[in-house]
Amino acid sequence: MTGGAGFIGSHVAEAYLRRGDEVVVLDSLVHGRRENVPAGAELVVADIRSPEAAALVRDGGFDLVNHHAAQMDVRVSVSDPRFDADVNVRGLLNLLEWALAGGVKRVVYVSSGGVV
């Protein structure tokens, strides 16, 4: 799951672990914190737009990707909307492309606007 070191993502990761799932957390730790990642989850520190993230999602053999990673600072979105779009839009598109290439069966996209 992406963004699993954040407040909401870490709780979702815990729920998957309680269910008995293997959990890999991809987080840049820009907003998330290492200590939020629940015990039992593997943490990969990388930006959602990076080649490392692409390889992880494409080659990880995942059935499900739960996407919580985002540039969430409103001040940044106002002062640098191109950066905001790069992380949030290009990051999502890259994730979807990598998931498709990797045979991921389902992607859950979570944002402040809801769940898709």
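If the condition is being of a type in the set (D, E, K, R), more than 12 Å from the chain's Cα centre (by Cα) and assigned to a loop (DSSP other than H, G, I, E, B), then segment 10-64 contributes ARG19, ASP21, GLU22, ARG33, ASP63.
Every residue in segment 74-102 that is acidic (Asp, Glu) and more than 15 Å from LEU64 (Cα to Cα), please. Residues satisfying the conditions are ASP80, ASP84, ASP86. When segment 76-87 is limited to residues that are assigned to a helix (DSSP H, G or I) and of a type outside the set (A, V, I, L, M, F, W, C), the one that is surrounded by the fewest Cβ atoms within 10 Å (Cβ to Cβ) turns out to be ARG82. Scanning segment 1-34 for residues that are modelled with pLDDT under 95, out of contact with any strand residue (DSSP E or B) (no Cβ under 8 Å at 6 or more places or on another chain) and under 15 Å from VAL110 (Cβ atoms) turns up PHE7, HIS31, GLY32. Does PHE62 satisfy the criteria of being aromatic (Phe, Trp, Tyr) and surrounded by fewer than 19 Cβ atoms within 10 Å (Cβ to Cβ)? Spelling it out, it is not the case that PHE62 is aromatic (Phe, Trp, Tyr) and surrounded by fewer than 19 Cβ atoms within 10 Å (Cβ to Cβ). For segment 88-110, filtered to residues that are crowded, with 16+ Cβ neighbours inside 10 Å and out of contact with any helix residue (DSSP H, G or I) (no Cβ under 9 Å at 6 or more places or on another chain), the residue that is farthest from GLY3 (Cα to Cα) is LEU96.
Looking across VAL45, VAL37, one residue alone is of a type outside the set (Asp, Glu), buried (at least 20 other Cβ atoms within 10 Å of the Cβ) and at pLDDT 95 or above. It is VAL37.
In segment 96-105 there is at least one residue matching the filter, namely being within 13 Å of LEU26 (Cβ to Cβ) and assigned to a helix (DSSP H, G or I).
Output the residue which, of all residues in segment 71-109 that are over 15 Å from the mean Cα position of the chain (by Cα) and among the charged types (D, E, K, R), is nearest to GLY60 (Cα to Cα). The selected residue is LYS105.
The values are calculated or read from the model by the stated rules, or taken from the named source; none is laboratory data. Keep in mind it's a predicted model, so treat the numbers as computed, not measured. Please note: Cβ atoms are built from the backbone with ideal geometry, for glycine as well, and neighbour counts cover all protein chains shown.
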